[in-house]
Every structure is written in structure tokens, then in C-alpha cells.
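Engineer: I have a structure here, written as C-alpha cells, and I will follow up with some questions on it.
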Amino acid sequence: MNNIKKIGVLTSGGDAPGMNMAIRAVVNAGINAGLEVYGIYEGYKGLVEGNYKKLTMGELNEKIPYGGTTLYSARLPEFIDIEVRQKGVDNLKKAGIEAIVVIGGDGSYRGAKALSNMGIKCIGIPGTIDNDIVSTDYTIGFDTALNTAVEAIDRLRDTSNSHIRCNIVELMGRLCGDLTLHAGISTGCNIIITKETGFDKEKVIAKIKKLHDKGERYVTVAIAEKITDIHKLAKEVQVETGYKTNPIVLGHIQRGGSPSAADRVLASSMGVYAVKLILDGEEGRCVGIVNNKMTHYDINEALNLKKEINPLYKVIKELN
Ligand code: ADP
């Protein structure tokens with residue numbers, strides 16, 4: 001236990017559906033524990049500029065069904081500079097805010113650790129649709145983004161099935177292929193390509209050609225972003241296989257939308273747990289859900305954990 005009276009909460013980096021629910025949980029659990037809770041606007045930018053306001057019990061309730069983040073987000077590359085961070089620390093100290101909950105991805109975690117080292121007690125909550133934080137089985141926003149992608153690919157199937165067509169669908173997840181993998185399995189994609197599977201263009205084209213020659217009317221390829229230019233790939237596939245081939249980039253559509261029930265529950269549990277960690281005197285830690293149990297790691301340790309190969313990659317092989 002400690003004597004902390006005021007805490008802050010911010011969202012940073014890429015937004016994710018469910019962030020509002022996590023903010024709400026921090027606010028309500030904090031106030032229930034007798035704390036004052038301040039919302040810091042636009043992530044570390046608002047911290048440095050002193051842009052925050054006291055939040056009240058239930059204030060976030062009306063934001064429950066909305067994606068995005070009511071505290072807004074921003075990127076502030078200068079936050080890497082200790083003098084810039086010091087401005088934020090001075091602001092917080094002046095306001096009497098001794099601890100903050102940072103909701104964001106791995107970059108935001110680095111900022112939180114750096115702040116913890118300067119005397120502000122920080123707890124990180126994983127908020128990103130990419131599911132690329134190894135210290136948690138699931139990040140807030142992943143489930144919603146997955147369902148959005150599944151709906152989009154299902155819609156493509158409806159229309160493409162009526163013709164003879166190949167769709168190459170690009171999903172988000174630069175460093176972690178989970179979104180592509182889960183969406184690809186959920187929609188029965190014929191080929192799934194991520195950083196983890198590697199990309200062999202000739203093999204992919206040969207496989208699509210084989211499907212064409214077998215008489216498949218519709219082929220879908222799910223591919224993670226930044227692997228290859230899917231517009232060029234689609235042209236080559238069309239020439240080599242005979243399928244009319246469409247490149248479809250789902251892009252930021254995956255980021256928006258009402259958070260799924262699973263994300264709402266996850267965000268609520270993580271927000272409450274983060275407040276408990278602050279009350280327990282923890283700092284420089286991040287929250288995770290591992291094997292269905294809330295847990296916490298040192299942020300540096302979490303950032304250095306190696307991700308094991310997702311066992312679902314074995315499943316795809318049996319499905320196609
Ligand atoms: P995400 O949190 O979604 O991974 P970013 O990588 O853009 O998003 O990081 C969000 C913010 O975190 C950055 O704009 C910057 O303000 C801060 N940040 C990132 N890396 C560091 C670092 N090494 N030290 C301090 N702050 C950092």
C-alpha cells in the first residue's frame with residue numbers, strides 16, 4: 001500500500017477499439033479506491049504540455065460502445081529525449097500526480113518505462129489491434145479488429161463467389177501476423193502469408209494456379225502488411241493463373257468500430273488490475289492476460305520476451 005492520492009491515465013500510439021473501456025475501468029476503479037483520476041489528452045504530448053483534466057465517476061459510461069479513444073492519441077518522437085520527458089515529469093509533480101496508467105503498444109511501453117525511471121510510477125496496459133505484445137495472450141482491440149476483418153472477407157466471398165475471382169486481402173500487423181492468421185483461418189482463406197510463414201511468390205502463384213485448374217471459382221489470400229506490394233502481386237497472379245485478381249487493403253477500417261464484448265471485458269479487467277497494481281506500490285510494470293489469468297511483468301522484461309510460434313500455423317496446413 002502507499003499514499004498515492006492522484007493518478008493519471010493516457011492513451012498513446014495507435015488507437016484500438018476498447019481503449020475507452022480501459023480508461024473507464026481505470027477511472028471508476030481509481031475513484032472507488034479513493035483516488036483522484038486525471039485524463040491526460042493526446043498521450044505523451046498532453047503530458048508534456050500539461051493537458052489534462054480530472055475525470056468523474058461514470059463519465060466514460062457513454063463512451064462504452066465507441067472505438068477510438070476519448071482521450072485522443074498522438075505520437076511524440078521527441079519523448080525519447082530526457083529533457084522533453086522532464087517537462088512532463090515536472091508537470092505531473094506540480095499537479096501532485098504520482099502514478100499513471102499508459103494504454104498503448106510497445107512504443108508507449110518504452111515511454112512508460114522511461115518515465116518510471118524518472119520517478120513517475122507507470123503501469124502499462126496493452127492496447128493495440130496487432131496483438132504484438134508478447135507479455136499478454138491478447139491485446140485490447142485485437143478481437144474487434146479480427147471480427148471487422150472477418151466480416152470484410154466474408155463480404156468479399158459473397159460477391160466473388162458469384163464470379164471466378166481471386167482476392168488478395170492485406171491486413172494490419174507489421175511485426176506480428178496474428179490478425180492475418182486468425183482472420184485467414186476464420187474465413188477459410190486458401191493461402192495465409194505473414195512474417196512468420198515467409199513469402200515465396202512462385203509457390204503462392206503455383207498454388208493459386210493449381211486451384212484454378214481444379215475448378216475453384218474463388219480463391220482468397222490473406223497477407224499481412226509490409227510483406228509485398230499486393231497491387232503488383234495481384235497483376236502477376238492474374239496473368240499467371242487466369243483468375244481476375246483484386247488487391248484489397250483493409251487498412252484503417254480494421255482500427256475502427258464498436259469494441260467487441262471480448263475486448264470490453266478484457267479492457268475492464270485490465271483497467272481494474274492496473275489500479276490494483278498502483279495501490280500495491282508496483283511501478284514500471286505492464287498488465288497481461290496469460291492462460292486466462294491477469295498477470296504483470298517488468299516492462300523491459302516484457303519488451304524482450306520472444307514470441308513463440310503460434311500453434312495455429314500448424315492448423316492452417318491441415319485445412320488447405
Ligand atoms: P505504439 O505504442 O502503438 O507502439 P509508437 O511506437 O508510435 O506507438 O509509440 C508511441 C509513443 O511512445 C511515441 O510517439 C513516443 O512518444 C513514445 N515512445 C516510443 N518509444 C519510446 C522510447 N524509446 N522512449 C521514450 N518514449 C518512447
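Engineer: Grab the beta carbon distance between residue 33 and residue 253, set R0 = 41 Å, and tell me the FRET efficiency rounded to 0.05.
Structural biologist: Taking R0 as 41 Å, the efficiency between residue 33 and residue 253 is 0.60.
Engineer: Sum -39500 (n - 2.57) across every DSSP H segment of at least 4 residues in the chain, then divide by the residue count to get the 222 nm mean residue ellipticity, nearest 500.
Structural biologist: Computed ellipticity for the chain at 222 nm equals -13000 deg cm²/dmol.
Engineer: Taking only protein heavy atoms into account and a 1.4 Å probe, give the accessible area per residue of the chain in Å².
Structural biologist: 45 Å²
Engineer: May I pose another question? Calculate, for residue 226 and residue 201, the FRET efficiency according to 1/(1 + (r/R0)^6) with r their C-beta to C-beta distance and R0 22 Å; round to the nearest 0.05.
Structural biologist: 0.90
Engineer: Hey, another quick one. Tell me, what is the percent relative contact order of the chain, built from C-alpha pairs under 8 Å that lie six or more residues apart?
Structural biologist: After rounding, I find 24 percent.
Engineer: List the lysines whose Cα lies under 21 Å from the Cα of residue 293, skipping any in the same chain that are fewer than 8 positions away.
Structural biologist: 276, 306, 307
Engineer: Find the percent of Cα-Cα distances in the chain that exceed 33 Å, and round it to a whole number.
Structural biologist: The calculated P(r) of the chain puts 32 percent of pairs beyond 33 Å.
Engineer: Please state the relative contact order of region 204-276 as a whole percent: Cα pairs under 8 Å, 6+ residues apart?
Structural biologist: This gives 28 percent for region 204-276.
Engineer: Calculate the spin-label point distance for residue 244 paired with residue 312, positioning each point 7 Å from the Cα along the beta-carbon direction, and give it in nanometres.
Structural biologist: It works out to 3.1 nm between the two label points.
Engineer: Starting from the Cα of residue 292, step 7 Å toward the Cβ, then list every residue of region 119-141 with an amide N under 17 Å from that point.
Structural biologist: Answer for region 119-141: 137-138.
Engineer: So which trypsin sites (Lys or Arg not before Pro) in region 225-266 are both in a DSSP loop and have at most 14 other Cβ atoms within 10 Å of their Cβ?
Structural biologist: Taking region 225-266 and a limit of 14 other Cβ atoms within 10 Å, the loop trypsin sites (Lys or Arg not before Pro) found are 226.
Engineer: So, one more: Pop out the carbon and sulfur fraction of the accessible area of region 185-312 as a percent, whole number, probe 1.4 Å.
Structural biologist: Carbon and sulfur: 52 percent of the exposed surface of region 185-312.
Engineer: Additional query: I'd like the distance between the alpha-carbon centres of region 254-305 and region 159-209, rounded to an integer number of Å.
Structural biologist: Cα centroid of region 254-305 versus Cα centroid of region 159-209: 30 Å apart.
Engineer: Based on Cβ point charges of +1 for Lys and Arg and -1 for Asp and Glu, what charge dipole magnitude is obtained for region 143-255 about its Cα centre, in debye rounded to the nearest 20?
Structural biologist: Around 300 debye, computed over region 143-255.
Engineer: While we're here: In region 143-255, how many lysine pairs have Cα atoms under 14 Å apart, counting only pairs 8 or more places apart or on different chains?
Structural biologist: 8
Engineer: Further question: Between residue 49 and residue 304, what is 0.36 nm times their sequence separation minus the Cα-Cα distance? Round to one decimal in nm.
Structural biologist: Going from the current span to full extension adds 88.7 nm.
Engineer: Placing unit charges on C-beta atoms (Lys and Arg positive, Asp and Glu negative, everything else neutral), compute the dipole magnitude of region 211-320 about its Cα centre in debye, rounded to 20.
Structural biologist: 320 debye
Engineer: Okay, next question. Select from 225, 151, 83 the residue whose mean-square fluctuation is largest in a Gaussian network model of the chain (Cα-Cα springs shorter than 10 Å).
Structural biologist: Sorting by GNM fluctuation, first place goes to 83.
Engineer: Which of the aspartates and glutamates could a cross-linker bridge to residue 87, judged by Cα under 12 Å and excluding same-chain residues fewer than eight apart?
Structural biologist: 49, 78
Engineer: Using the Cα centre of the chain as the reference point, and only Cβ charges (+1 on K/R, -1 on D/E), how large is the resulting charge dipole? Debye, rounded to the nearest 20.
Structural biologist: Dipole magnitude for the chain comes out near 280 debye.
The values are calculated or read from the model by the stated rules, or taken from the named source; none is laboratory data. Predicted model only: the values in this text are computed from it and were never measured. Note: ideal-geometry Cβ built from the backbone for every residue, glycine included; neighbour counts use all protein chains shown. Keep in mind that these areas ignore ligands, DNA and RNA; they rest on the heavy atoms of the full protein, side chains included. Shrake-Rupley method; radii C 1.70, N 1.55, O 1.52, S 1.80 Å.
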